[in-house]
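Enquirer: Before I ask anything, here is the structure I am working with.
The values are calculated or read from the model by the stated rules, or taken from the named source; none is laboratory data. If you're wondering where the values come from, they're calculated on a predicted model, not measured in any experiment. Cβ sites come from the backbone with ideal geometry, for glycine too, and all protein chains shown count toward neighbours.
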Amino acid sequence: MSYGKKDEDSDQTVVKIDRTSVFQEARLFNLSPISPKQCRILLTKIALLLFTGERFPTNEATSLFFGISKLFQNKDASLRQMVYLIIKELADTAEDVIMVTSSIMKDTSVGSDVLYKANAIRALCRIIDATTVQAIERLIKTAIVDKTPSVSSAALVSSYHLLPIARDVVRRWQSETQEAASSSKQSSSFSLGFSTSGSHQSFQPSSTNFMTQYHAIGLLYQMRSHDRMALVKMVQQFGAPGVVKSAAGTVMLVRLAAKLIEDDQSLRKPMMQLLDGWLRHKSEMVNFEAAKAICDVDNVTDSELTQAIHTLQLFLTSPRAVTKFAAIRILHHVASFRPQAVQQCNPDIESLISNSNRSIATFAITTLLKTGNESSVDRLMKQISGFMADITDEFKITIVEAIRTLCLKFPSKQAGMLAFLSGILRDEGGYQFKRAVVESIFDLIKFVPGSKEDALAHLCEFIEDCEFTKLAVRILHLLGVEGPKTPQPTKYIRYIYNRVVLENAIVRAAAVTALAKFGVGQKDPEVKSSVTVLLTRCLDDTDDEVRDRAALNLRLMSEEDEMANRFIKNESMFSLSTFEHQLVMYVTATDKATFATAFDMNNIPVVSHEQALAEERTKKLTSATPTLKAPSTGPKKVQANGTADSAAQAAAAAQKHSQSLMQIPELKSHGSLLSSSPVIELTESEMEYVVTVVKHVFKENVVLQYEIKNTLPDTVLEEVSVVATPSEEDESLEEEFIIPVAKLPTSQPGTVYVSFKKMGDSPYPVTSFTNVLKFTSKEIDPTTGEPDDSGYEDEYQIEDVELSGSDYVLPAYAGSFDHVWEQTGANGDEALETLQLSNTKSIADATEQLAKTLSLQPLDGTNVSMSTSTHTLKLYGKTLGGGKVAALVKMAYSAKSGVTTKITVRSEEEGVAALLVASVS
């Protein structure tokens with residue numbers, strides 16, 4: 001074994017060890033007498049191989065395992081510890097390891113050396129199997145309550161690992177584990193210089209390390225995880241002051257209390273009282289964990305947050321950097337969804353902007369950006385500029401994301417923020433940093449129209465020296481989309497053509513496509529002629545893709561028809577998930593007749609780019625592999641800005657139904673599905689016939705999809721249909737056809753479709769359908785198992801279905817509600833209504849209910865109510881015709897009358913606002 005000084009600039013390791021040579025050296029274990037020193041060195045080599053990922057084959061591992069077992073004859077303490085360490089690692093690979101049980105048991109017996117006992121217990125529990133756990137039950141139970149903390153901890157941790165293979169046996173050790181959790185045995189381990197009372201570093205015995213309690217509480221949780229009431233009792237018992245002296249054990253109790261709140265809201269009050277008490281614990285670690293748990297509770301109230309925020313504020317003035325960092329990081333998270341609660345800390349946070357630790361300064365500045373007001377923006381931007389060059393890209397991205405949110409929050413300050421973003425875009429940085437800045441500028445262009453021309457000019461300058469191909473392609477695409485809409489589109493053509501001359505093939509191809517968008521539909525003949533000349537020059541490019549794109553675009557520009565316009569501007573696209581599904585079904589079809597006809601593209605629904613993005617976002621969320629969560633996992637985070645989840649879910653629901661509806665020949669002629677409602681229950685689940693309905697809206701049709709389940713035993717329903725009748729005074733819908741269910745056995749669902757044709761002038765008819773379930777009921781003969789020939793016709797009245805204005809609206813996301821509110825007010829009509837929601841219990845319930853009823857997306861974080869007495873809900877969406885809809889809902893709550901609301905709806909399309917207001921009343 002060679003030792004040498006390591007060159008920090010080289011990739012060579014300190015020690016060169018080969019598995020084959022180590023295995024050959026294992027003959028040392030057979031020598032007599034045994035040399036402890038040489039054996040320790042050889043065991044160290046084996047440990048190094050194992051801990052660096054090397055694995056011995058089964059035969060070699062078995063030989064090593066039994067060779068090492070011979071070392072039990074030697075009483076050298078250091079050698080014995082190494083033996084146990086290697087035995088544990090080889091136990092999973094070697095065969096017949098259970099044969100060394102008797103040798104290990106000698107070191108676990110009463111009176112054996114304490115130094116060996118803990119190691120022996122750990123090794124013993126690694127080599128036994130499920131059938132032999134009972135044989136060591138008495139030994140483990142005795143070790144759990146041992147007076148020596150190291151032995152007790154070894155037994156508890158070993159029991160934790162035995163749970164998966166012998167749960168019933170281990171759960172019998174609850175009383176001993178309870179005793180260990182309640183004991184105050186102090187560990188004799190050493191603290192590695194992290195003293196809580198000062199910065200002096202030394203090796204000193206730890207006088208407050210009650211690690212056994214931490215292990216015992218963790219094991220108790222695993223034993224009682226199936227019994228919620230037992231967990232509640234455990235948390236309350238050990239949560240009493242002074243019972244648990246281990247800070248780590250108390251942290252686990254904090255996490256368990258938070259998990260209980262998440263699982264059962266009825267436990268919220270007692271658990272919140274415990275969390276509030278832990279905020280005053282003498283350990284900073286417990287204080288932080290309790291504050292974090294309180295801040296992460298769903299729908300946390302201002303009164304619940306107050307003490308947690310106050311505790312974190314006190315830590316902001318701590319002399320220790322790590323304490324300040326932990327406090328500001330939690331406050332930064334809270335500011336994302338409850339900025340008002342953090343505003344009281346702003347004076348202390350401002351003092352951290354000049355902190356020498358740039359991590360603390362970064363979190364301080366981004367927190368102030370979230371909690372500050374419009375008047376403080378300019379001052380904060382100046383302070384940010386001072387230290388941007390001194391921090392890493394990771395923290396730069398954090399600041400850029402905060403400014404991105406601020407741009408949408410205060411559109412009037414967009415000039416200063418755009419200047420800042422364009423400035424840091426010229427600084428040195430990696431791809432992720434530059435991408436974050438570019439995405440922020442994209443958002444400014446999309447949601448703050450007044451900044452469009454300046455932002456495009458900055459992006460044009462950036463691509464002149466952009467070293468990242470992906471960013472250059474994205475910017476060129478944006479220039480192609482937004483450039484032709486500006487008053488002077490010609491000034492962007494020069495920047496785009498420069499990319500054709502100077503860049504690589506990928507960027508040149510993107511530039512050609514962007515140039516074409518300036519020529520198609522262009523009214524100015526001079527501009528169109530210039531674009532034609534430039535594209536003609538691209539026909540001589542060295543790359544095939546560039547030449548092909550130039551030739552195709554020149555041909556499309558000469559056509560000047562609707563198809564060319566749609567192809568180049570590309571404002572819609574096929575639903576990719578449906579496209580993929582239909583192609584897979586076509587290619588993998590076992591019926592040869594399927595291939596007799598060509599694949600029909602008309603069956604693929606066409607969606608806007610916004611719907612496609614929402615669909616893709618939903619796919620990512622739902623396709624994530626679920627993982628098992630440890631007790632340390634906190635409750636779900638409250639989303640910050642009212643994300644586009646409502647829009648994504650609506651798009652996913654329509655997508656799901658579109659695939660099934662396209663399989664029905666009678667419904668193919670209806671075209672693309674525009675929207676689908678959530679499932680509506682028309683009967684109670686305990687009734688003999690359970691019926692639900694989904695409303696589907698097409699361009700010229702409305703289809704009601706009834707899901708029917710027969711719960712009557714020994715009864716078959718035949719010729720099942722639903723007679724859906726619109727209200728008498730309504731003539732805007734006319735029934736086309738009904739698709740019945742031929743046969744409906746017990747407990748098997750069936751689907752009935754009723755299609756209506758829109759007859760009136762309005763594209764958005766509203767009405768109420770009365771529904772009658774009709775069928776022929778036949779009893780099943782118990783001898784033959786077949787239904788009787790004779791049956792009787794029957795009817796069953798079910799609940800009415802309302803077709804309202806909200807069925808013609810889809811939730812959509814916008815960066816600034818104020819901007820879309822002004823737009824819809826200037827270009828459309830407005831409707832107003834004051835309502836009393838006496839059946840709602842709180843502002844939070846009313847917020848959720850109104851967002852669902854109106855089928856609109858909450859914006860600006862208003863999906864979370866800041867107060868229990870008043871709240872303003874901001875909602876946005878689009879009609880099926882593409883018109884914008886915005887709603888402003890002001891709410892006030894009183895215990896006597898419930899929630900009083902004032903709903904104001906604005907829409908670009910005439911009459912839609914009144915329809916939406918009517919859907920609530």
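Enquirer: Could you go through the stretch 707-714 and let me know if any residue there is outside any loop (DSSP other than H, G, I, E, B), within 34 Å of the chain's Cα centre (by Cα) and modelled with pLDDT of 90 or more.
Expert: yes
Enquirer: Looking at (1) at pLDDT 90 or above; (2) in contact with a helix residue (DSSP H, G or I) (Cβ under 7 Å, 6 or more places away or on another chain), which is the only condition Ile738 fails?
Expert: (2)
Enquirer: Also, I was wondering about something else. Restricted to the stretch 260-311, and to residues that are outside any helix (DSSP H, G or I) and of a type in the set (Lys, Arg), which residue is surrounded by the most Cβ atoms within 10 Å (Cβ to Cβ)?
Expert: Restricting to residues being outside any helix (DSSP H, G or I) and of a type in the set (Lys, Arg), the top hit is Arg280.
Enquirer: Same structure again: Please pick out the residue among Asn355, Asn346 that is in a helix (DSSP H, G or I) and either more than 19 Å from Glu284 (Cα to Cα) or modelled with pLDDT under 85 (or both).
Expert: After ruling out the rest, the residue left standing is Asn346.
Enquirer: Having 1 or more residues that are under 30 Å from Leu408 (Cα atoms) is the bar; report the strands (runs of 3 or more DSSP E) wholly within the stretch 766-829 that clear it.
Expert: Ranges flagged: 809-811.
Enquirer: Kindly evaluate Gln849 against the criterion of being closer than 23 Å to Leu406 by Cα and in a helix (DSSP H, G or I).
Expert: No: the conditions fail for Gln849.
Enquirer: Hey, among Val889, Val899, which residue is out of contact with any Gly (no Cβ under 6 Å at 6 or more places or on another chain) and over 13 Å from Phe817 (Cα atoms)?
Expert: One residue alone meets the criteria, Val899.
Enquirer: Starting from the stretch 258-285, keep only residues that are under 18 Å from Asn299 (Cα atoms) and touching a residue at least 40 places away in the same chain (Cβ under 8 Å), then list their pairs with residues that are among the small types (Gly, Ala, Ser) and part of a loop (DSSP other than H, G, I, E, B) whose Cβ atoms are within a distance under 6 Å, requiring at least 6 positions of separation or different chains.
Expert: These pairs meet every condition: Ala258/Gly634.
Enquirer: Among the residues of the stretch 724-738, how many are part of a strand (DSSP E or B) and more than 19 Å from Val679 (Cα to Cα)?
Expert: 8
Enquirer: Can you tell me how many residues in the stretch 789-801 are surrounded by 12 or more Cβ atoms within 10 Å (Cβ to Cβ), out of contact with any Phe, Trp or Tyr (no Cβ under 7 Å at 6 or more places or on another chain) and acidic (Asp, Glu)?
Expert: Summing the residues that are surrounded by 12 or more Cβ atoms within 10 Å (Cβ to Cβ), out of contact with any Phe, Trp or Tyr (no Cβ under 7 Å at 6 or more places or on another chain) and acidic (Asp, Glu) in the stretch 789-801 gives 1.
Enquirer: With at pLDDT 55 or above, surrounded by 18 or more Cβ atoms within 10 Å (Cβ to Cβ), at negative phi and out of contact with any strand residue (DSSP E or B) (no Cβ under 9 Å at 6 or more places or on another chain) as the only criterion, which of Ser676, Ser646, Ser577 stands out?
Expert: Ser577
Enquirer: Oh, and also: From the list Ser762, Ser816, which residue is small (Gly, Ala, Ser) and closer than 18 Å to Ser919 by Cα?
Expert: Answer to the selection: Ser762.
Enquirer: Run down Gly861, Gly815 and say which single residue is at pLDDT below 85 and at positive phi.
Expert: After applying the criteria, what remains is Gly861.
Enquirer: Could you go through the stretch 23-35 and let me know if any residue there is under 49 Å from the mean Cα position of the chain (by Cα), assigned to a helix (DSSP H, G or I), more than 17 Å from Val100 (Cα to Cα) and not polar (S, T, N, Q).
Expert: Taking every residue of the stretch 23-35 in turn, at least one turns out to be under 49 Å from the mean Cα position of the chain (by Cα), assigned to a helix (DSSP H, G or I), more than 17 Å from Val100 (Cα to Cα) and not polar (S, T, N, Q).
Enquirer: Can you tell me which of Ser865, Ser842, Ser790, Ser806 is touching a His at 6+ places or on another chain (Cβ under 6 Å), among the polar types (S, T, N, Q) and more than 30 Å from Pro665 (Cβ to Cβ)?
Expert: Just a single option satisfies the conditions, and that option is Ser865.
Enquirer: Follow-up. What is the one condition in (1) assigned to a helix (DSSP H, G or I); (2) basic (Lys, Arg); (3) surrounded by fewer than 13 Cβ atoms within 10 Å (Cβ to Cβ) that Lys75 does not satisfy?
Expert: (1)
Enquirer: May I ask you to say which residue of Ser69, Ser32 is at pLDDT below 85 and of a type outside the set (Val, Ile, Thr)?
Expert: Exactly one residue qualifies, and that residue is Ser32.
Enquirer: Please find, within the stretch 522-543, the residue that is surrounded by the most Cβ atoms within 10 Å (Cβ to Cβ) out of those that are charged (D, E, K, R) and modelled with pLDDT under 85.
Expert: Residue satisfying both the conditions and the ranking: Lys528.
Enquirer: A further question follows. Return yes or no: is Ser804 surrounded by fewer than 23 Cβ atoms within 10 Å (Cβ to Cβ), within 30 Å of Phe698 (Cβ to Cβ) and at pLDDT 85 or above?
Expert: It is true that Ser804 is surrounded by fewer than 23 Cβ atoms within 10 Å (Cβ to Cβ), within 30 Å of Phe698 (Cβ to Cβ) and at pLDDT 85 or above.
Enquirer: So which pairs qualify, if the first residue must be in the stretch 591-612 and part of a helix (DSSP H, G or I) and surrounded by 15 or more Cβ atoms within 10 Å (Cβ to Cβ), the second must be at pLDDT 70 or above and basic (Lys, Arg), the Cβ gap must be under 9 Å, and the two must be at least 6 apart or on different chains?
Expert: Close Cβ pairs (under 9 Å, with a partner that is at pLDDT 70 or above and basic (Lys, Arg)) amount to Asn603/Lys668; Glu610/Lys878.
Enquirer: Can you tell which of Val864, Val899 is of a type in the set (A, V, I, L, M), within 23 Å of Phe410 (Cβ to Cβ) and touching a residue at least 12 places away in the same chain (Cβ under 8 Å)?
Expert: When all the criteria are applied, what remains is Val864.
Enquirer: Those residues that are surrounded by fewer than 23 Cβ atoms within 10 Å (Cβ to Cβ) and either at pLDDT 90 or above or in contact with a Phe, Trp or Tyr (Cβ under 8 Å, 6 or more places away or on another chain) (or both), I need them from the stretch 904-921; list them, please.
Expert: Thr904, Gly911
Enquirer: Next question, about the same structure. Can you pull out the residues in the stretch 272-297 that are of a type in the set (Val, Ile, Thr) and within 23 Å of Val864 (Cα to Cα)?
Expert: Listed by number, the residues that qualify are Ile294, Val297.
Enquirer: Here's another thing I want to ask about it. Of all helices (runs of 4 or more DSSP H) completely enclosed by the stretch 79-191, which ones contain at least 1 residues that are at pLDDT 85 or above?
Expert: Correct list: 114-127, 137-144, 149-162, 167-170, 174-182.
Enquirer: So, in the stretch 496-528, exactly how many residues are touching a helix residue (DSSP H, G or I) at 6+ places or on another chain (Cβ under 9 Å) and within 19 Å of Leu556 (Cβ to Cβ)?
Expert: 21
Enquirer: Can you tell me which residue within the stretch 516-558, out of those that are part of a helix (DSSP H, G or I), under 21 Å from Pro487 (Cα atoms) and among the small types (Gly, Ala, Ser), is farthest from the chain's Cα centre (by Cα)?
Expert: Applying the filter and picking the extreme gives Ser529.
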